[in-house]
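Have a look at the structure below before the remarks.
The values are calculated or read from the model by the stated rules, or taken from the named source; none is laboratory data. Predicted, not measured: the structure shown is a model, and the values here were computed from it. Cβ coordinates were reconstructed from backbone atoms using ideal geometry, including for glycine residues, and neighbour counts include every protein chain displayed.
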Amino acid sequence: MTARTSSGAPEFRAEGCTVSTEPYGRHAHLVTVDGPRGEQVLLKAPGWRHTVITDLVRKEHLTWGEGEVMIRIPEGRAAWLMAFTPPPEVSVFDYAPTPQLRTPQTEVSCARFPVVDVHAHLTLDEEQPGQRLGLMRELNIAAVVTSSFADRGETTAGSAELARAAPGRLLPAATVDWSSARRRGGAERMAESLASDVREHGAVLIGELHDKGFGVDDPGTGPVPEDPLFLDDPRLDPFWEAAAALRLPAIVHCGDELAAYEPWDSRNEALVRLFRKPWARRRPGSLGHGEVHERRDRLLKRFPGLTVIAAHIDGSGERLDTVEERLRLHPGLFVELGACHHVLARQPRHAARFLDRWRDRVVFGGDRVQDRATYREQFRVLESDDDAFHYRGRQDPWPAYGLALPDDVLRAVYSGTAARLVPAAAEALIRHEEERTPCR
Ligand SMILES: [Zn+2]
């Protein structure tokens, strides 16, 4: 605890001196130190940290160290100082500064080129699929791939039925019951049902599977810590063989943002965000960020014919150099941008260069049931050259900047790369181009 006087000032002391303080406005105190004239003395306020101090006689600012500062008492009088203290009770959780900066703002109402969104979970949508189709037309989205959640008991048939409301535009992903692999012959049965999901339900991808450090989710339970199934678990081999043979890409959500693995303290860049999303903070006993990715990379090495779409920029958008390294090492690896536009927008030039180099390995995605405003925000980040804007519901202190991607990079990221991975998306693009009235 920091000692304070009754006026709320830090309790200043200097050996062999008389020290007095008086308040000066709300966040400053005048400090008088009388002692040996013409000599230096050490002024202390133990535990007091953020003080800025000005010597009013010598007219200079002094650097307040860890609870102390060296001052000089003038020849003819007592030292006279101004000590500033920070506004005391503004919590970082309340701090929400209103920027005074005013710069051009680009309104992006729809995507400049047709979009294929490979990452959605439309079984969570409370509206009718017809409404989703209307929104897709409005935003220039040609196709959306929807994944169900096996851990909520959902099936490929459910996604397929939903997709039938907009044939060729809503595309189902296969939902896999990963827990089968723990039973004898289970992975072979998973492989068979994957083939029938393609044949009978038109599955275009293997829907999103998650490994956040405890192995893949089981239906109804989430991961099973007593017997985790990690991505490279040999019990899954027959399944991955089938996926590679069917040329069916898998969307894999592997690990989360790096800050989720760091101590939740004053050095954590996502302090506020992780406070609001406590479930994203790493629970004890999970694999670390690096280890989850190493297991995924071992899988890619063992099955070179397998295509993995790493959701959310592989949970590594803060380290695009690392993502680049993984892309270089594993030709079957692709990355998806869902819910990560804010990560790109804090490093616009680096991110634009990354997307330029890797446009043929990057696909566009949203996540969950993405609304109009969030799609527009993503388009604005990729297309505009706007400076220092804030996205909705922002929980980061830094602003966003547009990447101003050139047209050929935008075309590849929006749909070109996805169309190569998903033939049904390529067909959807052709139909969309024929039907569409441009929004701007
Ligand atoms: Zn998802």
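Observations on the structure shown:
- Failed item, numbered, when VAL252 is tested on (1) within 22 Å of GLY332 (Cα to Cα); (2) without any contact (Cβ under 8 Å) to a residue 60 or more places away in the chain; (3) away from the ligand (no atom under 16 Å from the Cβ): (3)
- Segment 181-199, residues that are closer than 20 Å to LEU231 by Cβ and outside any helix (DSSP H, G or I): ARG183
- Residue count, segment 134-165 (criterion: of a type in the set (A, V, I, L, M, F, W, C) and closer than 28 Å to GLU383 by Cα): 8
- Qualifying residue in segment 329-346 (condition: closer than 19 Å to ARG137 by Cα, in contact (Cβ under 8 Å) with a residue 12 or more places away in the chain and of a type outside the set (Gly, Ala, Ser)): no
- Lone unmet requirement of (1) surrounded by fewer than 22 Cβ atoms within 10 Å (Cβ to Cβ); (2) over 25 Å from ILE313 (Cβ atoms); (3) assigned by TED's automatic domain parsing to the domain that holds GLY366 for ALA187: (1)
- Against the test of being modelled with pLDDT of 95 or more and in a loop (DSSP other than H, G, I, E, B), the options LEU248, LEU231 yield a single qualifying residue, LEU248.
- ALA195 touching a residue at least 40 places away in the same chain (Cβ under 8 Å), farther than 19 Å from GLU336 by Cα and among the aliphatic types (A, V, I, L, M): yes
- Selection count where residues are more than 19 Å from PRO399 (Cβ to Cβ) and touching a residue at least 40 places away in the same chain (Cβ under 8 Å), scope segment 258-282: 3
- Residue match in segment 89-105 (condition: within 16 Å of the ligand (Cβ to nearest atom) and assigned to a loop (DSSP other than H, G, I, E, B)): no
- Residues in segment 126-145 that are in contact (Cβ under 8 Å) with a residue 60 or more places away in the chain and polar (S, T, N, Q): ASN140 only.
- Residue list for segment 9-43, filter: within 48 Å of the chain's Cα centre (by Cα), assigned to a loop (DSSP other than H, G, I, E, B) and of a type in the set (Lys, Arg): ARG26
- Any hit, segment 146-165, residues being under 26 Å from the mean Cα position of the chain (by Cα) and at pLDDT 90 or above: yes
- Among all residues of segment 277-297, there is at least one that is surrounded by fewer than 22 Cβ atoms within 10 Å (Cβ to Cβ), assigned to a helix (DSSP H, G or I) and under 13 Å from the mean Cα position of the chain (by Cα).
- Test: SER109 is within 16 Å of the ligand (Cβ to nearest atom), in a loop (DSSP other than H, G, I, E, B), under 25 Å from the mean Cα position of the chain (by Cα) and of a type outside the set (Phe, Trp, Tyr): no
- Breaking point among (1) free of Cβ contacts under 8 Å to residues at least 60 places away in the same chain; (2) touching a strand residue (DSSP E or B) at 6+ places or on another chain (Cβ under 6 Å); (3) hydroxyl-bearing (Ser, Thr, Tyr), for THR417: (1)
- Residues that are among the basic types (Lys, Arg) and farther than 19 Å from GLY416 by Cα, drawn from segment 341-378: ARG346, ARG349, ARG368, ARG372, ARG376
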